[in-house]
1. Please give the contour-minus-distance gain from THR93 to SER165: 0.36 nm per residue of separation, less the Cα-Cα distance, rounded to one decimal in nm.
2. Sort out for me the Cα centre separation of segment 75-124 from segment 294-360, rounded to whole Å.
3. Roughly how big is the chain's charge dipole about its Cα centre, with Cβ charges of +1 (Lys, Arg) and -1 (Asp, Glu), in debye to the nearest 20?
4. Go through 296-306, 252-262 and give me the packing order, highest mean Cβ count within 10 Å leading.
5. I'd like the chymotrypsin sites (Phe, Trp or Tyr not before Pro) in segment 167-258 restricted to DSSP loop residues with at most 10 other Cβ atoms within 10 Å, sorted by number.
6. Tell me, what ³J(HN,Hα) does each residue in segment 153-161 have, in order and in whole Hz, if you take phi through Karplus 6.51 cos²θ - 1.76 cosθ + 1.60 with θ = phi - 60° and put x for Gly and Pro?
7. Could you check the spin-label model distance between SER280 and GLU343? Points 7 Å from the Cα along Cα→Cβ, value in nm.
8. Treat each spin label as a single point 7 Å out from the Cα along the C-beta direction, and report the LEU321 to ALA62 distance in nm.
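Every number here is computed from the coordinates shown, using simple stated rules; none is lab data. What you see is a predicted model, and the numbers here were worked out from it, not measured in a lab. Backbone-built Cβ (ideal geometry, glycine too); neighbour counts: all protein chains shown.
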Amino acid sequence: MTHIYNFSAGPAVLPKEVLIQARDEMLDWHGSGMSIMEMSHRGKEFMAIAAEAEADFRELLAIPANYKVLFLQGGAHAQFSMVPLNLLRDKKTVDYVDTGIWSRKAIDEAAKYCQVNIAASSAADHYTYAPTQDEWQLNKNAAYVHYTSNETIGGVEMFWTPEVSDVPLVADMSSHILSRPIDVSKFGIIYAGAQKNIGPAGLTIVIIRDDLIGHASSYTPSMFDYKIHADNGSMYNTPPTYGIYIAGLVFKGLKAKGGLAAMEQANIAKAELLYGYLDSSDFYSSPIAVENRSRMNVPFTLKDASLDELFLKESHQQGLLQLKGHKLVGGMRASIYNAMPIEGVQALVDFMQEFKRVHG
Ligand code: PMP
């Protein structure tokens, strides 16, 4: 049987060992006689699973003690409104950096609650790079600064952490969290939907500095108030229990593989393999500025776009799935998250070479 490699941007490939363990534990978790899906979220078994998942996640990212980790729902989309609802306090304006479609969505949502200052934007260059700090026009009275550290659709990643003095820095890390070490202490809030590097869709993780909790605007729905979730240990309502369990298995696997420094090395090797091939070829190209090329999401185009459909059909026949670029940008996109082995990237490069040989 052809080996399958799934290049989906999310929900995305999960580590095979995690799926195998989940399968083995599906009907009877550790002799409890029950599946995790059937357990009370307040029972001692699940409470232990959630606590261990949080502890492992904290260890992986070296999260300082003055930060809470919240296991929420609603995806990163819910964070687009939760952030302004909780962080505005008595301020009127917020700073957003506009590097692509996901920043844009965050901006449009925040604009419902306050005045959004676009501190920098690469829209005029079709979002092919991320503006550097010297291009950012920050407002010192802003309630916070928001940016999207990896644009999943555009494939634009920022490998540096912005300096924003004492204004809280908020980052949407949905599509690169856990792919490399991060200095959490530089951030006020980090949020990420799970369905790329963490686990199944339905879980959203928020890392929030303690002093930013407890300032929600008075009209904030309870479900959108960080304090309510923090005070209730992420169990104000029924949490996505199975997603938390799978995330916990993913975290254990990352620790066993050497943690985020090891993941970073593996991700660099995969990205170099693919971008190296794109650069060496005049048949394919990457539209993204070299310093912002995402290690997670690699958009590329064929010189002759009339071959796109054939490329997708033949790659699919070779077991290379979900390579179609997002409908808003076209072309191709290979998402090569933590769980994509280098063999998958090599198989893609081999296919691309062969496709070029036949059709180039
Ligand atoms: N931000 C980024 C960077 C994303 O990649 C995505 C999902 N692809 C979202 C936000 C939205 O996430 P969700 O669909 O979980 O709300």
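1. Value of the extension gain: 24.3 nm.
2. Computed from Cα coordinates, the inter-centre distance equals 32 Å.
3. So the dipole magnitude of the chain works out to roughly 380 debye.
4. Details: 296-306: 18.9, 252-262: 15.2.
Ranked from most to least packed, the peptides come out as 296-306, 252-262.
5. Numbers: sites: PHE187, TYR191, TYR219, PHE224, TYR226, TYR236, TYR242, TYR245, PHE251; in loops: PHE187, TYR219, TYR236.
Hits after loop and neighbour filter: TYR219.
6. Whole-Hz 3J(HN,Hα) from phi for segment 153-161: 7, x, x, 10, 10, 9, 9, 10, 9.
7. Here the modelled spin labels are 2.2 nm apart.
8. Those two pseudo-labels are separated by 3.7 nm.
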